[in-house]
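The next block holds one structure in the form of C-alpha cells; read it before the comments.
The values are calculated or read from the model by the stated rules, or taken from the named source; none is laboratory data. Since we're looking at a predicted model, the values are computed, not measured. For neighbour counting, all protein chains shown are included, and Cβ atoms are generated from backbone atoms with ideal geometry for every residue, glycine included. Side chains are part of the model used for accessible areas, which takes the heavy atoms of the whole protein and leaves out ligands, DNA and RNA. Shrake-Rupley method; radii C 1.70, N 1.55, O 1.52, S 1.80 Å.
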Amino acid sequence: MTAAVQAGHPPPSASRLVLSAPLRLLLRRTGGLALVLALALALLQAAITLFAIPPYLMPGPAAILAALADNAGSIAHGTCFTILCTLAGLAVSSVISLAGAALFVALAPVRQAFMPLLLVLRTVPLIAVAPLLIELLGRGAGNSIAIVAFLTFFQIMLAVEKGLRAPTTSRLELMLVCGAGFWQTLWLLRLPSALPFLFTGLRIAASSAILCAMFAEFLSGAPGLGEQIIDAFSTQDFARMWALVIVGTSVSYLFLTATMVIEKITAREDG
Amino acid sequence: MGRLVVSGVSKRFELGKGSVEALRQVGLSLETGQFGALIGPSGCGKSTLLRLVADIAAPSEGSITIDGEPPAQCRRDHRIGFVFQDPALLPWRSVLENVRLPLEVAGKRGVGSGHSPMDLLKLVGLEAFADARPSQLSGGMQQRAAIARALVLAPKLLLLDEPFGALDEITRHKMNLELLRIWQATGTTALMVTHSIQEAVFMADFVFVLAARPGRIVDQIEVGLPRPRDTVTMNDPAFGALVSRVRGGLFGEPAGMLAYG
Amino acid sequence: MSRLSWQAAAPWVLPSATLAVLLALWQSAASAGMLPATVPAPTAIAVELVTNRAIYWYHLVPTALTAISGYLLAIGIALAAALTVHHVRSLELAVLSLGSCIDSIPIIALAPVLTIWMGVALPTRITLAMIICLFPLLATALRGLHAPSDAARALFRVLAASSWQQFRKLTFPAALPYFFHGLKIAAPLAVLGTLVGEWTGAEQGLGVLMTGAMLNLEILQLWGSVCVTCALASLLYGVVALIEYFALRGRPAGEAE
C-alpha cells in the first residue's frame, strides 16, 4: 500500500494585511487604552447623572476635558519634561549598568562581592530614598534624572548582568576557537546577547521610572506632571487634577507599551 | 480482562478555518495481555488515538470498548494506566509519594486492589530512591517511576505515549528490556506509541502502522517472535524482515512484498 | 575552619566584607571632612537612631501596621480574584486588563484622588498600600495557577481525579513558588504605598517623619528615617522569604523563574 502524497493547505490569501507582532502589540495596547478611557468617561458621566455626585467629589467628563483643553499648553510642557527626564535617567542607568555588568563579567570576585548587595537593594523600595536624594542633589531637572537613574539602576543592572552571561557554552567556545579575546567576545557576542535582556529590564523598570520622575517632581517642585498634580490638588482645581491624572496614567501606560514593543522587536531579532 | 476494541473511530478537530481530520475510520483490537505498538510519521494521529482510548478526549465517530465498557467508565474505575513522554512526576513529592498518587486519588475504591507502591518500586529497580525527589533522578529513572505509578492500581490497560522518546538509544534499549520484564510480570494489556521501528517490533505482539493526513491504519503486522525477548532476538532474521515490512508500510512500499518466514 | 564550612560561608564573606569596607570608607571620608553637610558619617546616623529611638519607634509602628494591613488585604483580594478567574476562564482577560489599568495609574496620581474620596485617614493609606500590591500578587497567582504542564493535567484526568483532588494535589502545590515570588515582590511595595499615603497627608508615620525632616533640613533625622524605612521593607521581605523557605523545602530551586 502506498503512502499517498497529501496535498498541502492552499497558500494564504495575498490580500490579507500581515502585521508584525510588535506592531500588533502597539495597536492593541493603544487601542485598548483609548477604549478604556472612552468607557471610563462614559461610565463617569452615567454615574454622576444617576447618583447626582457633587462636582467637588468628582468632576464630570465635560469639566475634565475642558480643563484639559484650557491647560493643554502647560500639560504638554509638563509631560515632555517628565518623559525627557525619565528617558535621560533610563539612558544614564543603562550605560552605567552595562559598564558595571561588564566589570562583573571580567572580574568574578567583584561580582561575588557586589551582587548580593545589589539583590538586597533591589528589594528595598528605593523611592523611599527620594527625599534623601532631593536633599543631596537639590532641585531641578538634573535631580530628577539622577533620581530616575539611581532608582532604576538596580533593576536594569541585574537584567544586563544576566544578559551578558547569557551566551551558551557552545557560543563562548566558538569565540575561543576563533581566537577572540575578552573585549572582542564582549563586543561581538555578549553585548548583542544582552540587548534583549536590557530591554526586558527597561520594560520592568519603565513604569517605576515614570513614577520616580513624578515623585522627584512631587517632592522637589521640578516642572513636570508630578508637580502639576500636587499643585492642582492643593489649589483644589480638581478638574485640572483629574485631567492631569488621566494624562499621567496614559503617559505611564504608553511608556510601558513602548518598552514592551521595543522588547518584542529586539527579542525577535535574537537568534 | 483488558480486551481493547477500537472500531470505526474518527477524530476531527475544529480550527479557526475549517477542521482537521486527525483520524479516519481507525480500527484495531488487542486481546487481554497483548502488547500493541502504534507507529507512524508525525501528524498521523497516534498520540490522539491513545488519548481517545484513555478518555482524555472523545472520538467524533466510532466506538472504543475495553472489556465491553466505554473508556470513560474504565477511567472512572481507575483501571487505566498512562505513561506520558514527559514523566510528569510532581516535584514536591518523593518518588514513593509520586507512585502512591493514583492510590490517593482513587481513595477507598483503590484500597485492596493493585500492588503496593514499594513492591512496584522494587519491580522497576528504584527501591533505593523511594525517598528521593524526582529532580535527583535521571530521565530514564524518572520514566521508570512513572511506569511504576501507572501500574500501581493494576490497570486493565497500560498506555504509553513515546515513553522513551527523550532517551538516547542505549538507554532506550535497556528501558525496553525493563518494560518487557515489568509488563510480563503484571500481564496487563499494553498499547504503546513509538517513533522507533525497532522498538515497535521488539516490544509488540502487533504493530499497527499509521499514515498521516488523514490519520489511518495502513498495515497491521503480527509479530510472531517468541517471548521472552532480549537483545539476541534482534539478530534473528525474522526480526529484520519484520522491521523491513514495517518500514515498507511507513515509506510507501507495497506490503506483503517482503513477507517474512 | 574546616574546608566544608568555609565553602558554605564563602558566598556571605565577600559581600559582607565589601559592605564593611564601603562603610569604613564612608566613615573615614566623613571624619576627614570630605563629604558635604548633607552626608553624615555612618556612626553619626547610628547614634541618631539610638538616641532618638523613641521617635523612630513612634512613627515606625503606624507605618508598619498600615503596610501589613494593606498587604494582607491585597493578598486576600488577589487570591479570591485568581481563584475566581481560574474557575471562570472567560473572566481572565477582563480581570487582568482591569488590574493592569489600575496598576498603570501612577501612585502619585492615585494618592491625591483617594485622599479626596476617602479623606486624610488610615483607611486611605491602607487602601493605597493594598492597591499598589494588588496587581503583582494577582498576576503571579494566575501564573502559578496556570503552571501545571499539559502532561500533568492529562495525568490527573486519567487518574479520574475530582476537581478538588486536582486542586489540592496538583494546582495548589504547583502554584506555590509563583505565589511566593509575588509575595516577595509585593512586601516592599506595601511599605512604599503606605509611605506615599503618609506623604499626601497624615500625622504619624515614617513618611511624615521623612518629609518633615526634609523640609526642616534635619539631615540626621532624614537619613535615620530613610534607614528605618528600608529596614522595615527588608524585614517584611525577609519574613516572607523565611516562610517561603519552609514552605518550599525540598523542592528544586528556580521553579518560578
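Heavy-atom accessible area buried between chains C and B is around 1900 Å² (1.4 Å probe, both sides summed). Placing unit charges on each Cβ (+1 for Lys and Arg, -1 for Asp and Glu) gives segment A:80-270 a dipole about its Cα centre, and among A:Leu158, A:Ala128, A:Ser94 the Cα reaching farthest toward its positive end belongs to A:Leu158. Which FRET efficiency value, to the nearest 0.05, is calculated for C:Leu65 and B:Ala238 with the Förster distance at 60 angstrom and r the Cβ-Cβ distance? The computed FRET efficiency comes out at 0.15.
Based on the Cβ-Cβ distance of A:Arg24 and B:Glu61, what FRET efficiency does E = 1/(1 + (r/R0)^6) give at R0 = 35 Å, to the nearest 0.05?
On the way: r = 38 Å, r/R0 = 1.09.
For A:Arg24 and B:Glu61, the calculated efficiency is 0.35.
Take the accessible area of A alone and of C alone, subtract that of the pair with a 1.4 Å probe, and the total buried over both chains is about 3500 Å².
Where both bridge residues fall in chain B, DSSP classifies roughly 50% of the beta bridges as antiparallel. How many percent of the accessible area of chain B is carbon or sulfur, using a 1.4 Å probe? Ligands and nucleic acids excluded, carbon and sulfur give 52 percent. Rounded to the nearest 5, what % of DSSP beta bridges with both residues in the protein assembly as shown are antiparallel? Of those bridges, close to 50 percent are antiparallel. Relative contact order, whole percent, for chain B stands at 25, derived from Cα pairs under 8 Å and 6 or more residues apart.
Taking each residue of C:147-157 in turn, how many C-beta atoms of other protein chains fall within 10 Å of its C-beta, and what is the average? Write down the numbers at each step before the final one.
Numbers: counts 0, 2, 3, 3, 8, 5, 2, 9, 15, 4, 7.
Mean partner-chain Cβ count within 10 Å for C:147-157: 5.
Does segment A:80-270 come out rounded, prolate or oblate by the C-alpha gyration tensor, with a ≥ b ≥ c the root eigenvalues, rounded set by a/c under 1.5 and, if not, prolate when a/b is larger than b/c and oblate if not? Here segment A:80-270 falls in the prolate category. Spacing of the modelled spin labels on A:Asp70 and C:Leu72, each 7 Å from Cα toward Cβ, amounts to 4.5 nm.
Sort A:63-76, C:149-162 for me by packing, meaning the mean count of neighbouring Cβ atoms within 10 Å per residue, highest on top. Working shown, then result.
Working: A:63-76: 15.4, C:149-162: 18.6.
So the order, starting with the most tightly packed, is C:149-162, A:63-76.
Packing-based ranking of A:188-201, B:12-25, A:212-225, B:126-139 yields A:212-225, A:188-201, B:126-139, B:12-25, ordered from highest to lowest mean Cβ neighbour count within 10 Å. A loss of 40 Å² or more of accessible area (1.4 Å probe, protein heavy atoms, ligands and nucleic acids excluded) relative to the isolated chain is seen in these residues of segment B:68-88: B:Arg75, B:Phe84. Normalised by the number of residues in segment A:80-270, the average gap of Cα pairs under 8 Å and 6 or more apart makes the relative contact order 27 percent. Please work out the C-alpha center-to-center distance from segment B:169-244 to segment C:184-257 and express it in whole Å. Their Cα centres are 63 Å away from one another.
Calculate the mean, over all residues of peptide A:113-122, of how many other protein chain Cβ atoms lie within 10 angstrom of the residue's Cβ. Write down the numbers at each step before the final one.
Details: counts 9, 5, 4, 7, 5, 1, 1, 6, 2, 1.
Shielding by partners across A:113-122 averages 4.
Among the aspartates and glutamates, which fall within straight-line cross-link reach of B:Lys156, defined as a Cα-Cα distance under 20 Å, with same-chain neighbours fewer than 8 residues apart omitted? Within the straight-line cut-off, B:Lys156 pairs with B:Glu31, B:Asp55, B:Asp67, B:Glu69, B:Asp77, B:Glu104, B:Asp119, B:Glu178, B:Asp205. To the nearest 10 degrees, how steep is helix C:42-51 against the longest Cα principal axis of chain C, on a 0 to 90 scale? The helix C:42-51 is inclined about 80 degrees to chain C.
In debye, nearest 20: dipole of segment A:80-270 around its Cα centre with unit charges on the Cβ of K, R (+) and D, E (-)? Could you put the intermediate results ahead of the total?
Working: 11 positive and 10 negative charges, 104 e Å.
Dipole of segment A:80-270, to the nearest 20 debye: 500 debye.
So, with a 1.4 angstrom probe, what is the percent of accessible area on chain A that is carbon and sulfur?
Details: 9660 of 13580 Å².
Whole-percent figure for carbon plus sulfur exposure: 71.
Over chain C, Cα pairs under 8 Å with separation of 6+ residues give a relative contact order of 24 percent. Applying 1/(1 + (r/R0)^6) with R0 = 25 Å to the Cβ-Cβ distance of B:Gln184 and C:Ser162 gives a FRET efficiency near 0.15. The residues of segment A:80-270 expose, per residue, 41 Å² of accessible area to a 1.4 Å probe. Extending 7 Å from the Cα toward the beta-carbon at both A:Leu57 and C:Thr51 defines two label points whose distance is 5.0 nm. Ranking C:Gly182, C:Ala152, C:Ala80 by how far each Cα lies toward the positive end of the dipole of the protein assembly as shown (charges on Cβ) leaves C:Ala152 at the top.
Inter-chain neighbour count for B:89-95: the average number of beta-carbon atoms from partner chains within 10 Å of each residue's beta-carbon is 5. Simple rule: put +1 on each Lys or Arg Cβ and -1 on each Asp or Glu Cβ in the protein assembly as shown, find the dipole, and look at A:Gly31, A:Thr259, B:Thr65; the Cα lying farthest toward the positive end is B:Thr65. The angle separating the long axis of helix C:172-200 from the principal Cα axis of greatest extent in chain C is about 40 degrees.
A protection proxy built from the mean count of other Cβ atoms within 10 Å ranks the segments A:134-140, A:27-33, most packed first, as A:134-140, A:27-33. Compute the angle between helix A:238-269 and the longest alpha-carbon principal axis of chain A, please, reported from 0 to 90 degrees and rounded to the nearest 10. Orientation of helix A:238-269: about 10 degrees from the principal axis.
Cross-link partners for A:Lys162 among the lysines, with Cα-Cα distance under 21 Å and sequence neighbours closer than 8 places in the same chain left out: A:Lys264, C:Lys184. Label-to-label distance for B:Met1 and A:Leu39 is 5.9 nm, based on points extended 7 Å past Cα in the beta-carbon direction. The B-A contact accounts for roughly 600 square angstrom of buried accessible surface, both chains included, probe 1.4 angstrom.
If you place +1 on the Cβ of every Lys and Arg, -1 on the Cβ of every Asp and Glu, and leave all else neutral, what size is the dipole of chain C about its Cα centre, to the nearest 20 Debye?
On the way: 12 positive and 10 negative charges, 186 e Å.
It comes to approximately 900 debye.
Calculated mean residue ellipticity at 222 nm for the protein assembly as shown: -21000 deg cm²/dmol, from DSSP H runs with n ≥ 4 weighted as -39500 (n - 2.57), summed, divided by the residue count and rounded to 500.
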